[in-house]
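Report on the following structure.
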Amino acid sequence: MLKRVVVAFGAAILLGSSSLPAQAKPAHSKEPVSSGRPLSQWIADLKGAAPQTRNAAAYEIAGMGAEAAAAVPALIEALDDPAPSVRFPVTVALLEIGPAAKAAVPRLQQMVDEELNDEIAASARRALKRIDPAAVPTQ
C-alpha cells in the first residue's frame, strides 16, 4: 500500500513538473516582453480606444528599445494620433528603436516641419538624429 502511494505521489510530481515548461515562455520566442506582456499586445494597444492606453503602449514599446523594431509600422501610423499625449511617446519609441526605425524618417521629417506642438516637433527631430542623422532637416 505504501509503495502504491509513493509511486502515485512520484507520478503526480513528474506530471506536475512536466507541465511547468509548457506554461513558461518558449526559449525560441524572439518577441520581447515588457510588464509581462509581449510586444504584439502593446502594438495592439496603440489602437486602443483611450488615449491613456495608447500612451502607455508607446512608452512600453519605447522601453524595449531596438528589440521593438517590429512595432515600427504601427508606430508610424500612431504618429497621426489626434492626441498629443500619444504622438510624443511614439516619437520617443522611434528614437529608442534607432536605425531600425528608418521607415519612419519621411513622416518624422514632415512632423519637424508641420507639427503644431513644439515639444513633439523637437522630439521628432531628436528621433531623426538617432535614426538617420543625415535626414534631419536643416533650419
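Remarks
- A simple spin-label model places pseudo-atoms 7 Å from Cα toward Cβ; at residue 107 and residue 80 they are separated by 0.8 nm.
- Average accessible surface for the stretch 44-139: 49 Å² per residue, computed with a 1.4 Å probe over protein heavy atoms with every protein chain in place.
- Anisotropy class of the stretch 49-139 from Cα gyration tensor, a/c 1.5 cut: oblate
- Taking the accessible area of the stretch 64-134, probe 1.4 Å, and keeping the other protein chains in place, the carbon and sulfur fraction comes to 55%.
- Residue 60 - accessible surface, heavy atoms, 1.4 Å probe, Å² rounded to 10: 50
The values are calculated or read from the model by the stated rules, or taken from the named source; none is laboratory data. For clarity, every value in this text was computed on a predicted model and none was experimentally measured. As a convention, Cβ positions derive from the backbone with ideal geometry for all residues, glycine included, and neighbour counts pool all protein chains shown. What goes into the accessible areas is simple: the full protein's heavy atoms, side chains included, and nothing from ligands, DNA or RNA. Shrake-Rupley method; radii C 1.70, N 1.55, O 1.52, S 1.80 Å.
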